[in-house]
Every structure is written in C-alpha cells, then in structure tokens.
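What follows is one structure encoded as structure tokens, with my remarks underneath.
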Amino acid sequence: MDEEIPKELIDDAVASPNNEAVADLSDKTVIYFDQKAWGATWEAANSVGADATTLDTLAKRSADELNFVYPFSIENLVETTSASDLEFKTELFDIMMDLSGNLSIRNYFDVFDHEVRRYICKWHELLPELDTQSFVFGEGLVHVGGDWKIKTEGGMEVPEGLEEEFEKVLRDEEINRRLLQSRALSEEAPGVPNEEKKEYEERYRENVQETEGELDLDSDEDRSLYLADVFGERMMPDLRQYAFELGLHPAEIVATDPYQRSFEAFFQQFPAFYTYATLCFAADARRNNSPDFNDVFDISQLAVAAPYADVVVTEQFFGGMLYKFNIGETFDTEVFTDTEQFIAFLQERLD
C-alpha cells in the first residue's frame, strides 16, 4: 500500500524556502536515540496511566521548550520497517517525525569521506576548512541517503533543475512523514532478510582487522594495532585519492603532523572513524571476532552519533565502551545507557 502524494503538496515543497536552507543547529541540543530508546518512547506513549514524567512526554516538552532535536538514522528507519506490528511502525514513525523536527543523520560512509576531506583541508593551509558537524545533520530522507543522482533509461539527460527540485521535495517535513507512513504500510518492505544480514556482516569484516588470536579488550597495544589496520583498510583509499587529485603524496599527509599529536590524538582527528574502529575492536574482542548483525548496525549508528551529537542514549554494552575509551569525554558528548537516566536528565533541565 503506497500513498500517493498530492501534486499540490509537491509544488509547495519545491516552492518553500525552508527546503533550500541548510539546517541550522546553533541553538539546538542534538539527542541520539538508538532503536531500543525509540521503542521505549513508543511504549511510554502507549502505556496505561501515562503522565507528565514519562519519556515520550518529557522528550516532547524538551523539543518544544528547550530546542532539543532527536534526528533519525537510516538504521532507525530499517529497524522500524522490519517490525511486524503495523500499528507500532506507523506510530513510531510519527513519533520520530515529531521529535526529530525532520532532522536526520548522514550515513557513516559519507561521514568518513567528509572527515578525510576535512583532514586534508586542515593539513593544506591554502584549502578552506570544512565543518563536518553541519554535514552530519540535515533535513529529511534525502540527507540520510547522502550523495545520490537521478538516473534515466536509455542514457537520456536529466532535465535541468530536476535533481534540485527532487531534493527540495525530500527535505519537506510533511512529505517525509507521508513517505515513512507509506513505507510502514507497504507489503514490499518486510525489513532485512537473513541473506542481506549475512552480506552486511561480511562487508563489515572486509573493513576491520582479521586476527589470528583473541583480542584483549584492555590491551592498548591490541587496540592501537587494530585502529591502524582499520585506518589502512577504510580511510587510506579515500585519503590517497583526494591527495593525488591535489598533487600531494598521501604518505606525506599521514606521516607529517604539524601539531605533533600522539598516535591516539591523530586518529581522533577523524571522530566518526575513531569511534567506529574503537567500537569494532570492542565488539570483536567480546564476540571473538564474530560480531552479529545487531552489533554491526549499532556500531554504524554510534560511529556518527557519539562524536557529533550532544547526547547519546544507547544500550549497555556500547554505552559502556564509549565510557571505557573516553569517547564521550573526548568529543564532549553525554552518554546514557538506559532511558531512566535520560528521563532524570530531562526532568532536571525542564524543572
């Protein structure tokens, strides 16, 4: 079941100046919810005898009174669509749209790429500085997907201005709400089949270190070697490409640090990568090199959210790893490992 979006609504989206501007977060507090926290919000909204101290009510008040925003990620959308309960899906998508203000999180592949370009720009004094924070969060479904192009059949050219109009449509809040509801109701959107989960896990393995022995979670040497290997697999190809395009040698960019940073601090210049590789190390050490699909999904979301959001609400293990490796402190992000802690945080600021 796909809802047809009225032409008038599309025309309004194209004409709206709000769908042209980059999202301004200067006065916002950005909160990241993992899927369990979103589920807890739905449960609170549907609980018997809900009152003013429940998670859904406090979150809504924080959005209205404190300029808090709760952006959704592509992983949130996939996991919500994968649920079997139709009522749950449709209601949760509405809650996401209400609390996010139509704000979404860029996928981690694009953020890694941006961090490489930002690093090269910072290293090369003649290049302009890039702001990854404003790149990470943006309006609507078009932002979640990252870089995209419209393709036509038969090699026909895309009419001039069509991509820009399409992007404006996919930034529009009302159209995004309708698209998500349509996705929830569609029989062709069953979620993630097992074969795709397996493919996702295998793709993860291609980007991280293959170790012959077990990893020691408390070993700085194991983690340092792990981060260096993942950097070589995941970041160096993009770094080489951009360096050569500028006529630079990538080895010089990596080996020459004008700020004389430590090994750890060098990787922290790539916040999403650093978080990703550190959580991959933690998951591999826990699972003995066999993380499951849920681990991989959690890592891909937290890689972007933990260093770039103001507050993260996530499950116990990965939240604990963010504490253990000082990621929250390093990037000035407050981390909560259960919703009760976050409720107390909201109550303190709303009182």
Q: Pull up the stretch 295-335, narrow it to residues that are under 15 Å from the mean Cα position of the chain (by Cα) and open to solvent by 20 Å² or more (accessible area, probe 1.4 Å), then point me to the one that is farthest from ALA59 (Cα to Cα).
A: ASP298
Q) Yes or no: ALA272 more than 23 Å from the chain's Cα centre (by Cα) and at pLDDT 80 or above? A) no
Q) Looking at (1) of a type in the set (A, V, I, L, M, F, W, C); (2) at pLDDT 70 or above; (3) under 20 Å from the mean Cα position of the chain (by Cα), which is the one condition that is false for TRP148? A) (2)
Q.
Would you confirm, using the coordinates I've provided, whether ASP98 is touching a helix residue (DSSP H, G or I) at 6+ places or on another chain (Cβ under 8 Å) and within 20 Å of ARG178 (Cβ to Cβ)?
A. yes
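At least 1 residues that are within 16 Å of SER73 (Cβ to Cβ) in each: list the helices (runs of 4 or more DSSP H) lying fully within the stretch 292-348 that qualify.
Numbers: elements: 293-308, 316-324, 327-330.
Result: 293-308, 316-324.
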Q: State whether the residues of the stretch 15-25 include one that is open to solvent by less than 20 Å² (accessible area, probe 1.4 Å), within 23 Å of VAL311 (Cβ to Cβ), in contact (Cβ under 8 Å) with a residue 24 or more places away in the chain and among the β-branched types (Val, Ile, Thr).
A: no
Q.
For the stretch 84-115: of the residues being of a type in the set (A, V, I, L, M) and within 20 Å of THR132 (Cβ to Cβ), which is surrounded by the fewest Cβ atoms within 10 Å (Cβ to Cβ)?
A. LEU103
**Q.** Check on PHE137, within 18 Å of TYR276 (Cβ to Cβ) and open to solvent by less than 20 Å² (accessible area, probe 1.4 Å)
**A.** yes
Q | Given (1) within 15 Å of LEU346 (Cβ to Cβ); (2) open to solvent by 20 Å² or more (accessible area, probe 1.4 Å), index of the condition TYR70 fails | A | (2)
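Regarding ALA277, is this residue in contact with a Ser or Thr (Cβ under 8 Å, 6 or more places away or on another chain), closer than 25 Å to SER134 by Cα and crowded, with 22+ Cβ neighbours inside 10 Å? Can you show your working first?
Working: in contact with a Ser or Thr (Cβ under 8 Å, 6 or more places away or on another chain): no; closer than 25 Å to SER134 by Cα: yes; crowded, with 22+ Cβ neighbours inside 10 Å: yes.
Here the answer is no, as ALA277 does not meet what is asked.
The values are calculated or read from the model by the stated rules, or taken from the named source; none is laboratory data. Remember, it's a predicted structure, so these values are computed and weren't measured experimentally. For neighbour counting, all protein chains shown are included, and Cβ atoms are generated from backbone atoms with ideal geometry for every residue, glycine included. Surface accessibility is based on the protein's heavy atoms, side chains included, excluding ligands, DNA and RNA. Shrake-Rupley method; radii C 1.70, N 1.55, O 1.52, S 1.80 Å.
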